[in-house]
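One structure below.
Please treat every number below as a calculation from the coordinates, not as lab data. Quantities reported herein were computed from a predicted structural model and do not represent experimental measurements. Ideal geometry is used to build each Cβ from the backbone, glycine not excepted, and the neighbour counts take in all protein chains shown.
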Amino acid sequence: VGVVVSAGKMDKCVKVRIPKQVWNNKIRKYFTEHYALLVSDPANSTRAGDVVRIRDGYRPATRAARVAHIVTNVISPFGPPLGDRAPVPSDEELRGERHEKKVHKDERQALRGRKLALERV
């Protein structure tokens with residue numbers, strides 16, 4: 001769970017700030033520190049200030065190498081309500097979209113005569 005810090009600057013990608021507890025041995029107390037991750041947002045449905053839940057995901061080919069997580073849902077929206085935004089796609093929808101892209105790619109390569117693609121089609 002984290003807070004969206006930056007949204008709208010990159011297409012389908014947001015920066016999420018995640019808190020972590022760090023032990024200070026001198027004071028003998030835990031302090032909160034933060035780190036940021038670039039997270040895939042396939043529907044561009046988050047805004048800066050939203051509290052979101054993320055999970056590990058595959059690295060999309062069109063994304064930067066640093067994007068390795070994906071938004072699963074918006075816990076607490078900030079700004080416009082969730083009804084006015086595009087819905088966050090579910091895992092099944094994302095898997096279906098990814099499968100369709102692979103099938104189209106195999107069809108294109110089969111037309112060019114690639115042996116592996118011909119076997120898969």
Structure-based [θ]222 nm, the chain - -39500 (n - 2.57) summed over DSSP H runs of at least 4, per residue, nearest 500
-7000 deg cm²/dmol
Any lysines whose Cα falls less than 29 Å from that of residue 15, other than same-chain ones fewer than 8 residues away, would be 29, 101, 102
Which of the aspartates and glutamates could a cross-linker bridge to residue 105, judged by Cα under 15 Å and excluding same-chain residues fewer than eight apart?
97, 119
In straight Cα distance, which aspartates and glutamates are under 17 Å from residue 115, not counting same-chain residues fewer than 8 positions off?
106, 107
Which angle from 0 to 90°, rounded to the nearest 10, does the C-alpha axis of helix 91-111 make with the longest principal axis of the chain?
30 degrees
So between residue 10 and residue 116, what do we pick up on full extension, going 0.36 nm a residue minus the alpha carbon distance?
34.7 nm
Positive minus negative residues near residue 85 (Lys, Arg vs Asp, Glu; Cβ under 15 Å):
-1
